[in-house]
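What follows is a set of notes on a single structure, which appears directly below.
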Amino acid sequence: MQPGVRLFCMRAAALVVGVVFVPASGAMAAQTYGYMVSSLSTATWNDYATNCPQNLNGYGLDVTRRDLIAIGFSKEEAEKMTGADADAERLPRDVAQRLLLRATVNGKPVSHYSAPEAVPNPPVIESVVGPVALGFDLDGKITGTEFTDPETGAKIDNQLWRAIGCSENFRAIPPALPFTEELTWALAIDSAPAWMMSITGEDLTKDGPVTVTFERATKHLERDANGDVMTHATYVVDPMGRSHNVLKGEIKGGFLTVANVPKFYLQSEMPFFPEIELDKAQMRMQVMPNGKLLGYWGGYYDWKRYAYMITSRPGSGADTLGLYHSLKRFADATPDPKTGQNTQISMTYRMEAVPAFHSTVDGKILASPAADASVSAAMARRDPEVKPKAGPSPPRAQVK
Amino acid sequence: MRKFNTKFFRRALCVAVNLLPLTFSAVHAAERASGDPNATSLRLSPAQYKQTIADVFGTNIVIDGRFEPEVRERGLLALGARWANVSDIGIERYDDLARGISAQVVGPNNRGTLISCKPKSETAADDACARMLISKYGRLLYRRALNENEIATRVKLANDAATTTGDFYAGFAAVLSDMLISPNFLFRYRTVEADPAKPGAKRLDGYSKATALSYFLWNSTPDDQLIKAAENGELQTVDGLQRQVDRMVGSPSMESGIRAFFADMLHFSDFETIAKDTTYFPRYSTKINDLAQEQTLKTIVDHVLANKDYRDLITTRDTYLTRSLAALYGVPITDTADNGEPDRFIKHRYPEGDPRVGILSHVSFLALNSHSARTSPTLRGKALRENLMCQVVPAPPGNVDFTAVEDTASETLKTGRDRLLAHSSNPVCAGCHKITDPIGLALETFDAAGGYRTTENGAKINTSGVHNNVNFQGAADLLPLIRNDRALTSCVARKIYAFGTGKMPPRGSAEWDAIEKKFGEDGYNVLRLMRQVALSDIFYAVPPAEVDTATRN
């Protein structure tokens, strides 16, 4: 069996094991509302001054300056090459090559993107020290590494945010997304088959158990006249089923929540995300006044895959090495039995979804948008989305 | 091959173009001055121009440019074509179009199929080949055979251009451009000859009959078979005319004629200036303008070609939708096309009980007859009365105060009905609003983009009213009343005649009354009606005097 097929079968088997059985007698749902995921990004909490008081990481030019010093240039030479009059995009070719080929494999210089482990003395970037981040309690333990979730007040696990939250790439306050994620999501909308989500329950206007089903569509998202994702379009479920997830959830206390999902998997496309794959996944979502869903998905993800996603995106050249090693340092789950290095990291996504129709290939309508924007009083968002206050942009980092 | 000498080409055309306004003026002045009421001309519409080029040169030819604005008279652009002329800017536009088309015709992609003779040398003039091409295409473009003088003049021009440029094809392109800006192409003339069967009377000549037929049924130039029928006298016989009409009605090209008529009757040209406020209607993207027209035209063509009752277009549940249109309507549609493929039209039937029935629930009617951010029951009622029922709604006086109607944020006048009642309480306004508003208010559950709603500003929308002394509750009750209104069928019949002739049917004509009666007996079958009109004497009638005998409506 080919490796790719074997991996797919393993994932399919894991899904089968992980899916909670839904008794046939309880499966006759009175309501099923359809949505399309219209936005997905790493959940950020950008209280920069609190999170990153040393301001060591800086901006792109600051990173380049540090890298130049790391490969042997003096502080003065590095400042000259990245100073106000310099064009860091046009470093001398030999310098740019030395920066690129910082790794050494079998005695030969290779690209640090391909072999980040083979770079001597990799940079240690500043990590988040602030107390707040969005997420979920994934391990049920208090180890001292937790944040406090600003929405629920709970102690949560989000070591990915600790690892990358001081990087310029992830300095964004919603509705703005992290820069490279916003760029690649904008590209993905118009090409990648979209993700579908439906909520099924006896009465979605009240608290109670629900089934949340995810699929992949055959077509990409449609845009409306404003360039946003169009509501009320119809999407056909991809019959291949590679992104089929059936999850148990409940509506309670103003939230739609999903918990205890051994593995949540959505097939994706580069350069956006290679896939969405969360172990021990949890979700919470609410309905906005305009009928859209807003919420968070959390779980453990392979930290190397996340790092690979950063290096493969256009415009993400700044500090990829630093981010790689930061993610490795803060990985907090599933240790490799041989090396002891944790292979997964706790993380949280922020998502939005718009109402939509779902259909099978042969025209059966599986889900419809809710009748009106105030669809579900039980999970309607009553307060604005929690966000940190936007502060002034930090100054350039000092060279040390 | 030597490079195409654009400098000479432009110089040759410059002469032709500068003379053109004089030519136009001369032709039309001569017509008016002669007092000859039989000489009427109709300017080709943009749709007719494009269809003609596609039928003569094929669909590979891209027509990229703007046309002279059209004139709408009594609800039809076809009626306004009588008065349409060509302005200075219009000549430039036609010239741009002509040069673009002729360059493509002789270009390497199309030359193999469109230039059916091979010149002795590609870098020199060739009399015989030029003559063959000019005769062939001149006949199709001018809709008649060219006389020897016309051919000789153009062959000389082609030869001169070919010699100067060193390119045979450039020479022919110069002549083709000239023909495409000639009044003989841009205008359809009705020319007459003595009627041998009625001494002293006149009749349309064969070419004029062929042209009238072809632009009526196919919205395009006569094909070779029809021109031959004109030349050999077949169109002047009852059997011959019937043979050609039946051939044309049964042809796939008939769809063009049906589309052109209904696009004109339903004022689809207004889509060029329509825009919706995307703050309120984000699903109304710019492509909806084209999709909305196509939805209605596909629905109508399907209906007419299936020989169904015209009246049922008001109440049919069948239509076509794309994913974008369906999202705007708020209904599901399953499209299994591959990712990245464009939207497709898919047949859709609204279920029983659905509020959408008939073409009056289409975006093409609802959005077209609304403002950018709010509905207008008055505009919708007016459109139905005038466009589909041929009834006259007087224009508002110049000093009307629209404040109440436009105040969509009013705390007390929450719905369109409330605001209109406040506005039309003024006795100056009430008279006209009685004609339009009951109909328009029945459609108030459709917003300015065509989406369905049951409330406005939190208040429930009331769609009840009275039409022809019959109470109704909403569109579901009203539309059957409209369907059965005699004005609906009488109007479409009269407009179909007007579309073909450029004038309304003659008042008091026994033949026209018989045609209308037969329309009813045929189950209001539009195809049969068009056939009857095409076979009628009045379609080709040459009026004895210049007085406009058209019915005033």
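Read-outs: derived from the displayed coordinates by stated rules, not from any lab. This structure is a prediction, so every number in the text was calculated from the model and none was measured. Cβ coordinates were reconstructed from backbone atoms using ideal geometry, including for glycine residues, and neighbour counts include every protein chain displayed.
Structural remarks
- Whichever aspartates and glutamates have a C-alpha closer than 13 Å to that of A:Lys141, once near sequence neighbours (fewer than 8 apart) are set aside: A:Asp157, A:Asp332
- Compared with the direct C-alpha span, the chain from B:Ser135 to B:Thr279 gains 46.2 nm at full extension, assuming 0.36 nm per residue.
- R0 of 25 Å, Cβ-Cβ distance B:Asn232-B:Asp537: FRET efficiency to nearest 0.05: 0.75
- Annotation: lysines with alpha-carbon distance below 20 angstrom to A:Lys389 (same-chain offsets under eight excluded): none found.
- With a Förster radius of 41 Å applied to the C-beta separation of B:Asp195 and B:Lys434, the computed FRET efficiency comes to 0.25.
- Theoretical gain in end-to-end length, B:Ala514 to B:Val71 [0.36 nm per residue, Cα-Cα removed]: 156.4 nm
- Unsatisfied cross-links (Cα-Cα over 32 Å) in the set A:Lys219/A:Lys338; B:Lys276/B:Lys414; A:Lys364/B:Lys298; A:Lys304/A:Lys364; B:Lys347/B:Lys495: A:Lys219/A:Lys338; A:Lys304/A:Lys364
- Order of A:Ile365, B:Ile288, B:Ile89 under a 10 Å beta carbon neighbour criterion, fewest first: B:Ile89, A:Ile365, B:Ile288
- When segment B:191-251 is described by a simple charge dipole with +1 on each Lys and Arg Cβ and -1 on each Asp and Glu Cβ, the residue from B:Trp218, B:Gln244, B:Pro199 located farthest towards its positive end is B:Pro199.
- With a threshold of 19 Å on the Cα-Cα distance, the over-threshold entries among A:Lys280/A:Lys387; A:Lys206/A:Lys252; B:Lys382/B:Lys518; A:Lys292/B:Lys460 are A:Lys280/A:Lys387; B:Lys382/B:Lys518; A:Lys292/B:Lys460.
- Cα gyration tensor shape for segment B:357-429, rounded if a/c is under 1.5, else prolate or oblate: oblate
- Note on segment B:342-426: dipole from Cβ charges, positive end direction compared against B:Ala409, B:Asn369, B:Asn387; the farthest Cα belongs to B:Asn387.
- Mean Cβ count within 10 Å, highest first, over the residues of peptides B:480-491, A:149-160: A:149-160, B:480-491
- GluC sites (Glu not before Pro) within segment B:359-420, DSSP loop, no more than 12 other Cβ atoms inside 10 Å: B:Glu411
- When A:Val258, B:Val466, A:Val119 are sorted by how many other C-beta atoms sit within 10 angstrom of their C-beta, beginning with the fewest, the order is B:Val466, A:Val119, A:Val258.
- The residues B:Thr316, B:Thr164, B:Thr299, when put in order of fewest to most other Cβ atoms within 10 Å, stand as B:Thr164, B:Thr316, B:Thr299.
- Shown is the FRET efficiency for B:Val62 and B:Ser116, computed with R0 = 22 Å from the Cβ-Cβ distance and rounded to the nearest 0.05: 0.55.
- log10 of Debye I(q)/I(0), alpha-carbon scatterers only, for the protein assembly as shown at 0.05, 0.06, 0.07 Å⁻¹: -0.46, -0.64, -0.81
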